[in-house]
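Just so it is clear, none of the values below were taken in a lab; they were calculated from the coordinates. Remember, it's a predicted structure, so these values are computed and weren't measured experimentally. Because the Cβ atoms are built from the backbone with ideal geometry, glycine has one as well, and the counts that use them run over all protein chains shown.
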Amino acid sequence: MDHATPARFLGSQEATAPAPVLQAVVLPAAPRRGREASRLHRQLPPPRTGLQLSVIIPAKDEAANLPATLAALAAQTDLEGRPLPPGCYEVIVLANNCTDATAAVVRQLAGRYCHLPLYVAELSLPAAKAHVGSARRLLMDEACARLEQVGSALGIIASTDADTCVAPTWLAAIQAEIAAGAAAVGGASLRKSTPWP
């Protein structure tokens, strides 16, 4: 199966410059703006201690695609193929104006993947905000606040779509690139539609 793998973004001078030294800076949690952000926040449990990465997935009517996406995320390993430590990453799905069973599918899979903190929030965004950009922004703001809340100043927010399957080492490769000095990491999105059994 083809998977999405990360690629490093480098500025022109970064290609030959030594990797910068990262310093931990703890900032106060950013205030949540707007009614939708507050509604999203209230639907999620507090973040677990040890959280290093927050994976965000905006979803609209993706009940058929999410099982494959979440299975790939539940099977994440380090670069040597060992499972990632429990609780070092979480997955948050925002079911945005869904008319199908997107949220129910995520809840069912959360029971199957007990080792993975997997959460779903449901929002009915106003028409002007009912698009993937607004949903992703709400999720990014929430993920940032969660990482700050646990004191993970060097935490990473990873975003993928509900109809993609990431590589088994996707998160580990992102961590490695950030540790090597990349300011951002991106990759190709490979879509695979897998019907829900």
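The set of residues in region 83-105 that are surrounded by fewer than 17 Cβ atoms within 10 Å (Cβ to Cβ), over 16 Å from the mean Cα position of the chain (by Cα) and among the small types (Gly, Ala, Ser) contains only ALA104.
Under the condition of being part of a loop (DSSP other than H, G, I, E, B) and either of a type in the set (S, T, N, Q) or in contact (Cβ under 8 Å) with a residue 60 or more places away in the chain (or both), the residues counted in region 131-147 number 0. Restricting ALA72, ALA37, ALA95, ALA110 to residues that are farther than 26 Å from ALA167 by Cβ, among the small types (Gly, Ala, Ser) and not in a loop (DSSP other than H, G, I, E, B) narrows the list to ALA37. The set of residues in region 148-173 that are part of a helix (DSSP H, G or I) and within 12 Å of the chain's Cα centre (by Cα) comprises TRP170, LEU171.
The residue that is farthest from GLY34 (Cα to Cα), counting only those in region 106-128 that are surrounded by fewer than 20 Cβ atoms within 10 Å (Cβ to Cβ) and touching a helix residue (DSSP H, G or I) at 6+ places or on another chain (Cβ under 7 Å), is TYR113. Taken over region 88-108, the criterion of being in contact (Cβ under 8 Å) with a residue 40 or more places away in the chain and either polar (S, T, N, Q) or under 22 Å from ASP78 (Cα atoms) (or both) is satisfied by TYR89, GLU90, ILE92, THR102.
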